[in-house]
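What follows is a set of notes on a single structure, which appears directly below.
Since every read-out is calculated from the coordinates, none of them should be taken as a lab result. Keep in mind that what you see is a predicted model, and the values were worked out from it rather than measured. Every residue, glycine as well, gets a Cβ built from its backbone with ideal geometry; the counts of neighbours run over all protein chains shown.
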Amino acid sequence: LKTVAKKIVMAVVNVRKPIETFDTVQRLLSFIKPFIEGIAGEDEAKDDPYEFEENQNYAAKLVHQIECKDPVTQLEALVLLKEAFEKGGPQRMRYTIPSLVFSLYRLAQRSLKRVTEEDEKRRPSSDSGSENTTPSGQLEGPPKIPPLKLYQIAYQAIESISQAHPETAVRLYLHGVLSMNNVVSSGTDCEQLGYQVASQALVLYQDEITDTDAKYRAITFIIGTLQKAIFFSFDNFETLTTNTVQYCAKLLKKQDQCKAILMCTHLFMSKILNDSDRVDKNLKKSLGLCGICKIAENKSMDLYLSLIHISEPTRPERISYAVFCLKKKK
């Protein structure tokens with residue numbers, strides 16, 4: 001059964017023909033159920049890991065074949081896939097859930113585009129006092145799917161892999177926060193949801209990620225996300241930034257601490273905070289860590305150069321603090 005199901009999935013993916021109806025998705029899932037969910041009682045630990053990974057990559061590609069014209073039908077198809085993937089267990093979901101989440105993010109952007117187009121159509125009609133109608137004469141109403149609802153469904157899917165694959169979950173949460181920038185620019189208020197998701201990513205980072213290198217990778221992605229996010233209020237952004245700096249200071253390697261805290265300096269120079277005192281404090285702390293790394297690991301030169309580079313944005317107001325301190329040491 002699994003071999004037959006695999007051949008069906010490979011054929012669908014290789015043909016690259018869009019699946020445009022919910023009934024087609026439903027029938028397809030009934031044929032490939034052993035491939036997506038596994039077979040009850042079968043020991044999958046005996047499977048070749050490379051073959052297993054290849055199979056799940058095909059399952060992930062299948063998600064992108066679903067292109068229903070109606071957004072509601074598209075959502076129903078994705079939810080159906082979500083339920084099937086969750087029955088496959090955490091090992092399969094590591095490969096399949098990310099593609100599902102990104103499909104939901106794309107659908108949110110598609111829904112947002114529809115909102116924008118409808119708003120543009122309403123403006124001239126409201127000025128003339130006529131009813132809001134489509135070219136076919138039908139009355140236009142609100143969008144069928146609010147973008148925030150799609151984000152919530154995506155975050156539910158991410159939560160299903162958060163314990164087994166926390167680093168992947170953190171990245172998916174943060175990609176969602178970044179994609180919310182477009183939603184905010186359209187006038188939709190998603191600040192509270194974005195703050196909750198970013199906070200959840202920080203909690204997951206602290207509680208579930210234990211590997212040293214994985215922690216450094218995750219914290220740099222968190223810092224980059226906060227730097228690019230444009231919709232946080234001052235209080236929420238300050239809370240997220242403060243927690244991020246605290247987590248940077250807890251990294252095991254001093255060299256990683258120094259680089260991460262240096263990157264956090266950009267957050268305090270953002271338009272939301274613009275706190276020169278916190279910038280100076282961060283740079284002083286980084287300079288101290290550079291000295292520790294010089295003694296302990298003899299790897300301080302690249303850190304000093306990074307410190308000079310990152311502190312350059314302070315030069316228009318006063319000499320870069322890092323440059324001043326390095327001159328003083330000479």
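Some values worked out for this structure:
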{"item": "Amide H partners (placed H, <5 Å) of Ile19, local residues excluded", "result": "Ile66, Glu67"}
{"item": "FRET efficiency, 1/(1 + (r/R0)^6) with R0 45 Å, evaluated for Val4 and Leu273 via beta carbons", "result": "0.20"}
{"item": "Residue-by-residue Karplus 3J(HN,Hα) for the stretch 163-172, coefficients 6.51, -1.76, 1.60, Hz, glycine and proline x", "result": "7, 7, 9, x, 5, 4, 5, 4, 5, 5"}
{"item": "3J(HN,Hα) from dihedral phi, the stretch 220-236, Karplus parametrisation 6.51/-1.76/1.60, rounded to Hz, x for glycine, proline", "result": "5, 5, 4, 4, x, 5, 5, 5, 8, 5, 10, 10, 7, 6, 4, 5, 5"}
{"item": "Rough spin-label spacing in nm, given labels placed 7 Å along Cα→Cβ, for Glu53 and Gln196", "result": "3.6 nm"}
{"item": "Residues with amide H under 5 Å from that of Ser270, placed H, sequence gap 5 or more", "result": "Asp275"}
